[in-house]
Amino acid sequence: MNRKILAVFLRDMRVSTRDFVALYIIVFPVLFSIAINLFVPGINDSTVNIAMLEGDNPEHVGYFRDYAVVELFETADDVRRRVEKRDNIIGILPGSKDYYIFAQGNEPEGLVDYVKTLRAYEFFGVTAEDTRVEFSDFGNTIPPIKKLMVNVAIMLSSVLGGMLIALNIVEEKVDNTISAVNVTPLSRGGYILGKSIIGILVPVVGTITMLVLTGFSNVNMFQMLMMLLATSIISILVGFIEGINNSDVMEAAGNIKILFLPLMGSVAGAELLSDKWQKFFYPIPFYWTYKANDMILSRSGTWGKISLYTAFVVAISAVVFAIIAPKIRKGLEH
Amino acid sequence: MISVKNLYHSYSNDEKYAVKDVSFEITEGEVFGFLGPSGAGKSTTQGILTGLLQLQKGDVTVAGYDIKHIKNEMFNKIGMSFEQSNVYSKMTGKENLEFYRKLFDVKTRDPQELLELVGLGDKGDIKAGEYSKGMKHRLTFARSMINNPTLWFLDEPTTGLDPSIASEIKSIIKEKNREGVTIFLTTHNMFIADELCDRVGFIVDGEIKLIDSPKNLKLQYGEKFVDVEYVDGKEAKKESLSFMEKEDIGRLKEILDSYEIRTMHTKEATLEEIFIKVTGRELV
Ligand SMILES: Nc1ncnc2c1ncn2[C@@H]1O[C@H](COP(=O)(O)OP(=O)(O)OP(=O)(O)O)[C@@H](O)[C@H]1O
Ligand SMILES: [Mg+2]
């Protein structure tokens, strides 16, 4: 990296650690991870949910109780209805010869595999003492609420990266230092690049920290980073424009919040609304990011799908870029 | 070093020019004073020369570079001390300089040495936000020297400084000039201009009225003045009268006849008086 660009980034970083708001943004991922670990059961608490019949063989039910949360229902239809609800729960019902496992279809593959494996072990009489395999390694035992929160937090960290950029630009404006930088050999482009780094690096480091601390370290980090970089484009652009348009730190921070609405809206839309409403969220980059992150966190994201979603986010960001890039250049002239 | 031909600039992109048909040349090693009242267009001209403002109309070369197609490397040769001090208030004086020096491709000066030069040697570890106005101004001034510029733009370098520090700044400027640095000095302080400049240009309402050396100007416009101090009743009074104006001579005779004279000195016209005479404007 160019020495001058690096100098701009390091300056921003140094000053940011001296500012309360900026410092809070930087340590946010750690605080968030602690909070999420406190309030949402961790990865090692088995939260595989299985629906079974009340009248089933108690020994059979007991075996699954050891490795999963078992809910009992009176009839096979009740079990079926339960499985069809949104959350991830697998049904196990007695069939004519063997038990059969059934799922709704939207459960993570790993979860189904985990239950299948459990059933196989039960059949062969394997218990946890007989094997060195950790059961929790098999399936995706992460509760959906945790996945959702980590997903939102990752997107949030990218928006907060944009906020850091805005804070640093506002600082330069208040101190009137942009003109001093403009009479050095550092090019305008180099300056903008240097100012952008903090908006990429802080979310990247924050996200990795968060994934590790909340037990998602086994996800595909490359997919995650690709998605994060794509999402950061929009945050960076908004960060610059808000920095340029505001002359007060708190004002700028407040205005960045306009990104929270499409962000949370996309999450709510993707999670709660039926298929016919989904298309209304297509123009929102956060919608694609959320869906992609969800797959990555469930470890079910194929490169094809993730690349496609990344392309959507980049394409939408490119449109935004074309609109506001000239304003950013102009705004940094003095 | 600097060549400006028929320069125009309008902030509103219309016929309302802040700078109108300005032309001048500055040779290497020269100290050129750009003098004019507030709003005359001094900072605007300087802004164009340093690339901070877009060149709209006219031909400008600075340090061998055509300002129409400005090259970033040009700034390695240029230093700019701003009228309004502009330093990072969340960083210390030393950090400010350490950061700034990294933006240049040429050999830069040691921050501590620069701080000492402007009397901030023991203030390097204090945040610039806690500096007084004059200290910030000195830091801005020191920063403009960090890349050893061969062309140095100074916008009101001594304004707002107490006299002893102002005189130190003046001697730094003189010293730099002796080393061969070309200096473009913008000010409305005529004493500083008189003391430092090889040539001065008077600008009023965006137009250059005259360019010459202070010495020539004094020869040309330098009618003799007499300062006379006398006692009128119990009151001491002072008047400045010209030997060249009939009215003034009559008044002088009157004073000599009617009052007790305390002191009487002849003196040369100051640059300020010449400015007023040439432009018909006060230097406010
Ligand atoms: N950013 C701006 N936008 C619009 N008009 C401006 C701007 N800056 C300066 N002007 C106008 O241009 C004219 C020249 O201003 P300039 O700042 O060049 O004067 P100056 O000679 O440097 O004055 P001073 O001694 O007060 O610094 C003034 O009429 C001023 O109002
Ligand atoms: Mg000015």
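Normalised size of region B:223-267, defined as Cα radius of gyration per 2.2 N^0.38 Å with N residues, equals 1.08. Expressed to the nearest 5 percent, the antiparallel share of DSSP beta bridges inside chain A is 35 percent.
Dipole size of region B:2-213 about its Cα centre, with +1 on Lys/Arg Cβ and -1 on Asp/Glu Cβ: approximately 480 debye, rounded to the nearest 20. Kindly list the residues of region A:228-247 that lie in the label zone of A:Val174, defined by a backbone N under 20 Å from the point 7 Å along the Cα-to-C-beta vector. Within reach of a label on A:Val174: A:239-247. By the count of other C-beta atoms within 10 Å, a proxy for reagent exposure, B:His9, A:His60 are ordered fewest to most as A:His60, B:His9.
When the alpha carbon gyration tensor of region A:49-130 is reduced to an equivalent ellipsoid, the three semi-axes, largest first, read 19, 15, 11 Å. Taking the Kirkwood radius as Rh and the Cα radius of gyration as Rg, region B:2-213 has a ratio of Rg/Rh equal to 0.96.
Among the residues of A:172-180, the average count of other protein chain beta-carbon atoms within 10 Å of the residue beta-carbon is 6. Dipole magnitude for the protein assembly as shown: computed about the Cα centre from +1 point charges on Lys and Arg Cβ and -1 point charges on Asp and Glu Cβ, it is near 1040 debye. With R₀ set to 30 Å, the beta-carbon distance separating B:Arg251 from B:Asp21 gives a calculated FRET efficiency near 0.15. The calculated 222 nm mean residue ellipticity attributable to helices in chain B amounts to -9000 deg cm²/dmol, summing -39500 (n - 2.57) over DSSP H runs of n ≥ 4 and dividing by all residues.
Arranged from fewest to most other beta-carbon atoms within 10 Å of their beta carbon, B:Met244, A:Met210, B:Met74, A:Met155 become B:Met244, B:Met74, A:Met210, A:Met155. Tell me, how many Å apart are the Cα centres for region A:277-315 and for region A:7-26? Using only Cα atoms to place each centre, the spacing works out to 31 Å. Under 5 Å between amide hydrogens, built in the peptide plane, is the criterion, and for A:Phe73 it picks out A:Met52, A:Leu53, A:Glu54 among residues at least 5 positions away or on other chains.
In chain A, the calculated helix contribution to ellipticity at 222 nm averages -22000 deg cm²/dmol per residue, counting -39,500 (n - 2.57) for every DSSP H run with n ≥ 4. Charge dipole of chain A (Cα centre as origin; +1 on each Lys and Arg Cβ, -1 on each Asp and Glu Cβ, all else neutral): 1780 debye, rounded to the nearest 20.
Cβ crowding within 10 Å ranks A:Val69, A:Val61, B:Val228, A:Val115 as A:Val69, A:Val61, B:Val228, A:Val115, fewest other Cβ atoms first.
FRET efficiency for the pair A:Leu272 and B:Asn13, taken as 1/(1 + (r/R0)^6) with r the Cβ-Cβ distance and R0 = 60 Å, rounds to 0.70.
Between region B:11-46 and region A:156-221, how many Å separate their Cα centres? Region B:11-46 and region A:156-221 have Cα centres spaced 39 Å from each other.
Only one residue of A:Ala315, A:His60, A:Tyr99 has its Cα farthest out toward the positive end of the dipole of chain A, where Lys and Arg carry +1 and Asp and Glu -1 on Cβ, and that residue is A:Ala315. Put a dot 7 Å past the Cα of A:Asp87, heading toward its Cβ, do the same for A:Thr302, and the two dots end up 3.0 nm apart. Just to confirm my numbers, what's the Cα centroid distance between region A:51-111 and region B:69-106 in Å? For region A:51-111 versus region B:69-106, the Cα centre distance is 69 Å. Label positions at B:Lys133 and A:Arg65, each projected 7 Å from the Cα along the C-beta direction, are separated by 8.1 nm. Here's the list of lysines a cross-link from B:Lys224 could span, going by alpha-carbon distance under 18 Å and ignoring same-chain residues fewer than 8 apart: B:Lys215, B:Lys238, B:Lys246, B:Lys253, B:Lys267, B:Lys277. Under a crude label model (7 Å from the Cα following the beta-carbon direction), how far is B:Ser164 from B:Gln220 in nanometres? For the pair B:Ser164/B:Gln220, the computed spacing is 4.0 nm. Applying 0.36 nm per residue to the separation of A:Lys327 and A:Asn57 and subtracting their alpha-carbon distance, the gain on full extension is 90.2 nm. What the phi angles of region A:165-172 give under the Karplus curve with 6.51, -1.76 and 1.60, with θ = phi - 60°, is a coupling list of 4, 4, 4, 5, 5, 4, 4, 4 Hz, glycine and proline written as x. Considering only B:Thr61, B:Gly201, B:Gly36, the residue lying farthest towards the positive end of the dipole of chain B is B:Thr61, judged by Cα position with unit charges set on Cβ. Would you mind telling me the antiparallel percentage of the DSSP bridges in region B:2-213, rounded to 5? The antiparallel proportion sits near 50 percent.
Based on the convex hull around the alpha carbon atoms, the protein assembly as shown presents an average projected area of 40.2 nm².
Read the figures in this text as sums done on the coordinates, not as results from a lab. The model shown is predicted, which means the values in this text are computed figures rather than measured ones. We place every Cβ from the backbone using ideal geometry, glycine too, and count neighbours over all the protein chains shown.
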